[in-house]
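For reference, the structure is listed below as structure tokens.
What follows is calculated from the coordinates using simple rules that are stated; it is not laboratory data. All values derive from a computational prediction rather than experimental measurement. Ideal geometry is used to build each Cβ from the backbone, glycine not excepted, and the neighbour counts take in all protein chains shown.
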Amino acid sequence: METQLTINLPEDFRILCDIFQIKPEVFIQKFLETASLPYYYSDPDCENRWAALFLLKYLKTYHMISNEDFSMHQPFLDQLASIISIKAVETVEEQNEIEIRGRNIIKKWHEHLSTKRAI
Amino acid sequence: MDVNMKKYSNKRTNDEVCTATTIPFEFKMACTIYNMSPKDVLQCFIDHVSFYDSLSQRFNGPYSYATNVLISYPYEENEKISKAFSRNRDHAIKCIRGLLNLIMDPNLTEEQRRKKSLPIISELHKITPNNYIKTNELKLDKNTTLRLTLDFRLFCEIHELVPAKYLEHFMANISLSDISARNSLGMTELNYAVAFFSALSDGYKNINEGNLPHPDLHFNFIDRMQEMHLRALFIRNLDQKKQMYQEVYYSHYLKLIKRSENYYGNSVNN
């Protein structure tokens, strides 16, 4: 899905992009590609985990689910919790399976919320 | 993990008075991570149990925490009236009244009150039988001995419990993974044992000798923990969350132990 964004590029970021000849849109695209919870949970110690951790930190700081809304989210949070592991996932097949499971859970969660919010 | 502790019958026998208690693994791990010896933590805990504070409504920091650990002990519901003062009831009441008067005296500072309470506690102790504590020492193991204070002994005699019971109760409440999991779920109920342990690990009484050893391991551990808080963000189940933290703490503990063994091993060889 493509979308047009109007964002303010802070001076520090802009200068750094200029020094290293980075196109801001390329950088942001890279960031967004790994800001994925299914991807992160499939291999939480991978080198590309930082965007997902930034996303989680953002959710933790600004968007924690309130107690009133909790029952609406609980079944999906529980399902998501079931794929979170502390130990490194050993095979690529296993990683792929977790990523697909995670993506399906989040899609169903999204569908459920969209229906609820439309009412 | 071996969290089994020796079970003590509360029945009075000479063998059971002042015998050692097994240190639960979670407690030992917590002490290692914060570079405190279990002996020092337990001794500090005993030293801060205060009969004076058990009667006072004031909050006195670690004294209140340690004392409340004993007050919140899961005593049997049908606990009978203590026989500790049955022979000297009037004298005991006089002492306790003296303590209450001290507590309510607005002209004294907390320090003065505590100081003035000492001879009364000592007096109270003189008329208390030594049924549950025969000596003022408790052997933790072959080489480690804890000193039991008059206040601590009073609690044991009044509640008719061997000291190991109280120490087990304190230690059983110290689990770093449980603390982290509860904090992360916003479960903020006050746990007095944890509050006391945290005061020590934060530097109270300086028993963790200032800096933690092996700073590189600690920095890695802090990084790992920060990530773990985020990784476990969606886990709402206490046990699952606890299990995740337990793995992180355990892995850090093993690294610390291994490094210490290597360090001391090399030192000896050199």
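Listed highest first by mean packing, meaning other Cβ atoms within 10 Å per residue, what order do B:125-131, A:69-75, B:196-202 come in? Could you put the intermediate results ahead of the total?
Working: B:125-131: 15.1, A:69-75: 12.4, B:196-202: 20.0.
In decreasing order of mean packing, B:125-131, A:69-75, B:196-202 become B:196-202, B:125-131, A:69-75.
Per residue of A:71-84, what is the mean number of Cβ atoms on other protein chains within 10 angstrom of that residue's Cβ? Write out the running numbers ahead of the final one.
Working: counts 0, 0, 2, 1, 0, 1, 5, 5, 1, 4, 9, 3, 1, 8.
For this peptide, the per-residue mean of nearby foreign Cβ atoms is 3.
Restricting to lysine pairs 8 or more places apart or on different chains, what number in segment B:41-138 have Cα atoms under 21 Å apart?
Eligible lysine pairs with Cα atoms under 21 Å apart amount to 9.
Which translational diffusion coefficient, to the nearest whole µm²/s, is obtained for chain B from the Stokes-Einstein equation, given a Kirkwood hydrodynamic radius over C-alpha pairs, 25 °C and 0.890 mPa s?
Calculated translational D: 119 µm²/s.
Based on the Cβ-Cβ distance of A:PHE20 and B:ASN262, what FRET efficiency does E = 1/(1 + (r/R0)^6) give at R0 = 30 Å, to the nearest 0.05? Walk me through the numbers on the way to the answer.
Details: r = 42 Å, r/R0 = 1.39.
E(calc), rounded to 0.05, equals 0.10.
For segment B:48-140, what log10 I(q)/I(0) values come out of the Debye formula at q = 0.19 1/Å, with one point per alpha carbon and no solvent?
-1.11
Once you have all Cα-Cα distances for segment A:1-68, histogram them in 10 Å bins from zero and send the whole-percent values.
Histogramming segment A:1-68 at 10 Å steps yields 17, 36, 37, 9, 1 percent.
Rounded to the nearest 500 deg cm²/dmol, what is the calculated helix-only ellipticity per residue at 222 nm for chain A, with -39500 (n - 2.57) per DSSP H run of length n ≥ 4?
When only DSSP H runs of four or more count, the value is -21000 deg cm²/dmol.
Determine the dipole magnitude for segment B:90-183: charges of +1 sit on the beta-carbon of Lys and Arg, -1 on that of Asp and Glu, nothing else is charged, the reference point is the Cα centre, and the result goes in debye to the nearest 20. If you can, show how the numbers build up before the last one.
Numbers: 14 positive and 12 negative charges, 40 e Å.
That gives segment B:90-183 a dipole magnitude of about 200 debye.
What is the angle, in °, between the Cα long axis of helix B:238-269 and the longest principal axis of the Cα atoms in chain B? Nearest 10 is fine, range 0 to 90.
80 degrees
Order by neighbour count: A:ILE19, B:ILE71, fewest other Cβ atoms within 10 Å first, most last.
The most exposed by this proxy come first: A:ILE19, B:ILE71.
Take every Cα-Cα distance within the protein assembly as shown, group them into 10 Å bins from 0 onward, and report for each bin the whole-number percent of pairs it holds.
4, 17, 22, 19, 16, 11, 7, 3, 0
Can you give the FRET efficiency to the nearest 0.05 for A:ALA118 and A:GLU47, using r as the Cβ-Cβ distance and R₀ = 45 Å?
Details: r = 40 Å, r/R0 = 0.88.
Once the sixth-power term is evaluated, E becomes 0.70.
Return the long-range amide H neighbours of B:THR145 (sequence gap of 5 or more, or a different chain), with a cut-off of under 5 Å between placed amide H atoms.
B:LEU140
Using only atoms on other chains, find how many Cβ atoms lie within 10 Å of each Cβ of peptide A:53-63 and report the average.
For peptide A:53-63, the averaged partner shielding equals 2.
Which of rounded, prolate or oblate describes segment B:134-270 when judged by the alpha-carbon gyration tensor and an a/c cut-off of 1.5? Write down the numbers at each step before the final one.
Working: a/c = 2.42, a/b = 1.24, b/c = 1.95.
It is oblate, given that a/c is not under 1.5 and a/b is not larger than b/c.
Pulled fully out, how much extra length does the chain show between B:ASN220 and B:LEU150, if you take 0.36 nm times their separation in residues and subtract their Cα-Cα distance?
Result: 20.9 nm gained on full extension.
Based on the Cα gyration tensor of chain A, what are the three equivalent ellipsoid semi-axes, each the root of five times an eigenvalue, rounded to whole Å and given largest first?
29, 21, 13
Positive end of the dipole of chain B, charges at C-beta (+1 Lys, Arg; -1 Asp, Glu), about the Cα centre: which of B:VAL248, B:MET225, B:TYR192 has its Cα farthest in that direction?
Selected residue: B:TYR192.
For A:ILE7 and A:ILE100, calculate 0.36 nm times their separation in residues minus their Cα-Cα distance, and state this gained length in nm to one decimal.
That works out to 30.3 nm of additional length.
Among A:TYR40, A:TYR58, which comes first, second and so on when ranked by fewest other beta-carbon atoms within 10 Å? Let's see the in-between values first.
Values: A:TYR40 25, A:TYR58 12.
Lowest to highest Cβ neighbour count: A:TYR58, A:TYR40.
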